[in-house]
Structures are given as C-alpha cells and as structure tokens.
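The values are calculated or read from the model by the stated rules, or taken from the named source; none is laboratory data. Please read all numbers here as calculations on a predicted model, not as lab measurements. Here the Cβ positions follow ideal geometry from the backbone for every residue, glycine too, while neighbour counts run over all protein chains shown. With ligands, DNA and RNA removed, areas are computed over all heavy atoms of the protein, side chains included. Shrake-Rupley method; radii C 1.70, N 1.55, O 1.52, S 1.80 Å.
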Amino acid sequence: MNKTDLASTIAQRTGVSAKDANAVIGGLNDVILEAVGRGEKIQLPGLLTIEVVDRAARTGRNPQTGEEIQIAATKAAKVTAGSKLKAAAKG
C-alpha cells in the first residue's frame, strides 16, 4: 500500500477527505523524523517502535580487500514491529 492508497483508506474509514488524510500522513512523517533525529523514542503500542540506538566502535573487514578496519561508533534507527503488526503479517 502506497501513501495515496493509505490516505484513501483512512479517508473512507474516518469520513475525512483524502486530501486531509494525506496532509496528516505527511505531518506524521515530519514529526517522526524530527523526534527520531532528536533521539526520542516513538512507540505505537502493538504496531511499532522506532528508536535511536548507539552502535559501539568495532573492528570489521573491508569486503573488497579483506583488510581489518576500525568502524567508528554510530547512531542508527531501530524499528521493531509490535505484536499486532506481527500477528497481521502472519495472517
């Protein structure tokens, strides 16, 4: 389902216009990106959790040369599916 389909489905189920539903989706997208960028955890119970995790510095191997290299500490977004989303995926 793409963004247009999602907006259309939300509009049908809630009685708002597809344009308004699309605007809410866009606004939600912006809010999530800003919050995760600040290191905040987003949690929709049963659906998903998005959080920033710290990855420690470590050693690895260059895939082209096989040479051992140092990989700097980084931050990454971790997305975890909630129980309801997992159940829906199973069918």
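Figures for the structure shown
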item	result
Set of aspartates and glutamates with alpha-carbon distance to Lys78 below 16 Å, sequence-local pairs under 8 removed	Glu34, Glu40, Glu51, Asp54
Dipole of the chain, positive direction: furthest Cα of Ile42, Gly82, Ile25, with charges on the beta-carbon	Gly82
Semi-axes of the equivalent ellipsoid for the chain, Cα gyration tensor, largest first, Å	36, 16, 14
Surface per residue (accessible, 1.4 Å probe) for the stretch 1-67, Å²	76 Å²
Where labels lie 7 Å past Cα in the beta-carbon direction, separation of Ala87 and Ile25 in nm	2.5 nm
Those GluC sites (Glu not before Pro) in the stretch 31-90 that DSSP places in a loop and that have at most 16 other beta carbons within 10 Å	Glu40, Glu67
Net charge dipole size for the chain [Lys, Arg +1 and Asp, Glu -1 on Cβ; Debye, nearest 20]	340 debye
Lysines with Cα under 27 Å of Lys84, excluding same-chain neighbours fewer than 8 positions away	Lys3, Lys41
Projected label distance in nm at Lys3 and Ala72, using a 7 Å step from Cα toward the beta-carbon	3.1 nm
Exposure rule at most 12 other beta-carbon atoms within 10 Å, DSSP loop trypsin sites (Lys or Arg not before Pro): the chain longest free segment	42-91
